[in-house]
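Engineer: This is the structure, below, for whatever I ask next.
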Amino acid sequence: GGSILRREFKRNHIDLDIDCISIYAISCCVIEDQSQRNPTIKEIQSCRSRVLQTIERYKPRTIVLVGEYALHSLIGHVYKKDLGSIAKWRGLHIPDKQYNAWICPIHSPDYIEKQDALEYQTIWKEDVKAALETRNMLFPSFSEEIEILETEQKIVANLSDIFAIDYETTGLKPHDTKNHKIVCMSICTDYGKVIVFPLPKSNRGKKLLQQILQSEKIGKIAQNLKFEHTWTFNILGYEIKNWVWDTMLATHILDNRPDITGLKFQTYAQFGIAGYEEETNPYIKSADPKNSNSTNKILELKEGTPLWRKLLKYCGKDSLYTYKLAMMQMEKIGLNPLVKG
């Protein structure tokens with residue numbers, strides 16, 4: 001496999017031995033019953049410190065992960081959800097914030113060599129070429145300022161002609177209206193400004209929110225918009241108008257591989273940001289994962305406490321990343337972004 005990889009790098013004007021630092025995810029062969037076997041995840045984790053020390057020493061611009069062992073070694077402790085196989089990650093160019101480098105997973109050349117179809121080789125060569133080109137790409141960056149609104153009068157401040165929205169709710173499905181509620185909402189405008197607030201309780205605040213959500217002049221973006229649409233209809237009693245983009249549907253259009261359409265995966269894959277949900281996740285998960293109508297623990301968070309504010313920040317980040325993802329998707333699909341942000 002090494003000779004194949006070396007040859008393909010050379011084809012792209014990169015000398016694997018001179019221009020690159022190469023390191024194995026596993027420091028030594030794993031022998032059991034006098035024969036070599038595949039390493040376990042725990043064994044890969046045991047060798048991770050050596051990999052991280054090498055990255056810290058050389059500070060690479062681009063890190064090419066060749067095969068699943070490399071994937072688990074470098075991404076396994078950053079993206080803590082179900083990692084899946086290399087097929088889920090190949091071809092991605094992740095601007096990882098922790099390593100400050102482009103992380104580019106590709107199939108192992110040994111795997112490609114065993115495939116009969118020529119298409120595997122063609123796609124693999126394209127993946128290698130695209131991965132090596134990231135060394136000349138700018139690293140994405142954007143502000144993550146999130147304003148927590150203290151008064152209902154500020155809800156409509158600085159709104160423009162399009163924004164992304166996100167709800168935090170007491171569960172997945174809103175049909176049990178006696179036990180479910182929308183707890184808070186965030187809005188990211190076309191200036192990249194994020195505001196987040198508890199759902200208004202006063203009649204004036206509720207009326208202002210309805211005017212925004214039902215305005216035909218304000219385009220709305222969401223990740224899996226049927227969630228916000230259904231909750232608005234069942235809990236607030238009206239429908240959101242002028243939906244313009246669903247980032248989950250757009251992900252299907254751009255890349256229809258399974259298990260990659262979630263916002264957390266796309267936020268890491270496109271922006272290199274992972275784990276921002278870890279502190280609030282225990283309160284957001286439903287008490288009964290087999291019952292989508294069950295409630296979660298979100299109401300245990302008391303307003304004004306540090307955990308409550310972390311929930312609001314989390315909600316704000318969801319709408320921010322949804323908005324940035326939507327702008328990126330519009331460009332990739334060939335549409336002019338509705339706004340510049």
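The values are calculated or read from the model by the stated rules, or taken from the named source; none is laboratory data. A quick note: this is a predicted structure, and the numbers were derived from the prediction, not measured. Cβ coordinates were reconstructed from backbone atoms using ideal geometry, including for glycine residues, and neighbour counts include every protein chain displayed. Accessible surface areas use protein heavy atoms only, side chains included; no ligands, DNA or RNA. Shrake-Rupley method; radii C 1.70, N 1.55, O 1.52, S 1.80 Å.
Engineer: Could you compute Rg(Cα) / (2.2 N^0.38 Å) for the chain, with N its residue count?
Structural biologist: Rounded to two decimals, the normalised Rg is 1.14.
Engineer: Further question on the same structure: Going by Cα centres, region 171-209 and region 261-339 are how many Å apart?
Structural biologist: 14 Å
Engineer: From Cα pairs below 8 angstrom and at least 6 apart in sequence, can you work out the relative contact order of the chain, rounded to a whole percent?
Structural biologist: Working: 508 pairs, mean separation 57.5, N = 341.
Over the chain, the number comes to 17 percent.
Engineer: For region 65-211, compute the orientation-averaged projected area of the C-alpha convex hull (one quarter of its surface), in nm².
Structural biologist: So the Cα hull casts an average projection of 13.6 nm².
Engineer: Turning to a different aspect of this structure: Could you list which residues have their amide H under 5 Å from that of I162, counting only those 5 or more apart in sequence or on another chain, with H placed in the peptide plane?
Structural biologist: D190, G219
Engineer: Summarise the accessible area of the chain (1.4 Å probe, protein heavy atoms) by the percent that is carbon and sulfur.
Structural biologist: Working: 9250 of 18350 Å².
Roughly 50 percent, rounded to a whole number.
Engineer: Next question. Sort 93-105, 276-288, 124-136 for me by packing, meaning the mean count of neighbouring Cβ atoms within 10 Å per residue, highest on top.
Structural biologist: Put in order of decreasing packing, that is 93-105, 124-136, 276-288.
Engineer: Another question, then. Can you find, among S49, S215, S27, the residue sitting farthest towards the positive end of the charge dipole of the chain, where Lys and Arg contribute +1 and Asp and Glu -1 at Cβ?
Structural biologist: Sorting the options by dipole projection puts first S215.
Engineer: Taking a cut-off of 24 Å between Cα atoms, list the lysines near K290, but don't count ones fewer than 8 places away on the same chain.
Structural biologist: K80, K81, K173, K178, K181, K226, K264
Engineer: Can you work out ³J(HN,Hα) from phi for every residue in region 308-321, in order, using Karplus 6.51 cos²θ - 1.76 cosθ + 1.60 and θ = phi - 60°, giving whole Hz and x for Gly and Pro?
Structural biologist: Working through the residues one at a time gives 5, 5, 5, 4, 5, 4, 4, 4, x, 5, 4, 6, 4, 5 Hz.
Engineer: In deg cm²/dmol and to the nearest 500, what is the mean residue ellipticity at 222 nm of the chain if only DSSP H runs of at least 4 residues count, each as -39500 (n - 2.57), divided by the residue total?
Structural biologist: Taken over the chain, the calculation gives -11000 deg cm²/dmol.
Engineer: Sorted by packing (mean other beta-carbon atoms within 10 Å per residue), highest first, where do 323-330, 262-269 land?
Structural biologist: Working: 323-330: 22.5, 262-269: 20.9.
Most protected by this proxy first, the peptides run 323-330, 262-269.
Engineer: How big is the C-alpha Rg of region 183-341 next to the rule-of-thumb value 2.2 N^0.38 Å, as a ratio?
Structural biologist: On the way: Rg = 16.1 Å, N = 159, 2.2 N^0.38 = 15.1 Å.
Its radius of gyration relative to the 2.2 N^0.38 Å reference: 1.07.
Engineer: From the phi of every residue in region 246-263, what ³J(HN,Hα) in whole Hz does the Karplus formula 6.51 cos²θ - 1.76 cosθ + 1.60 yield, where θ is phi - 60° and glycine or proline is x?
Structural biologist: 3J(HN,Hα) across region 246-263, in whole Hz: 10, 5, 5, 5, 5, 4, 4, 5, 6, 7, 8, 5, x, 6, 10, 8, x, 5.
Engineer: Follow-up question, since we're still on this one. Enumerate the calculated ³J(HN,Hα) couplings along region 216-224 in order (Karplus 6.51 cos²θ - 1.76 cosθ + 1.60, θ = phi - 60°), each rounded to whole Hz, writing x wherever the residue is Gly or Pro.
Structural biologist: Karplus-based 3J(HN,Hα) across region 216-224 equals 6, 8, 9, x, 10, 10, 7, 8, 6 Hz.
Engineer: Using a probe radius of 1.4 Å on heavy atoms only, what accessible surface per residue do you get for the chain? Whole Å² is fine.
Structural biologist: It amounts to 54 Å² per residue over the chain.
Engineer: If you project the alpha carbons of region 173-229 onto the principal axes, what extent comes out on each, in Å, largest first?
Structural biologist: 37, 29, 21
Engineer: Cα atoms only, region 6-116: Rg and Dmax in Å?
Structural biologist: Using the Cα atoms of region 6-116, the pair Rg, Dmax is 14.5, 43 Å.
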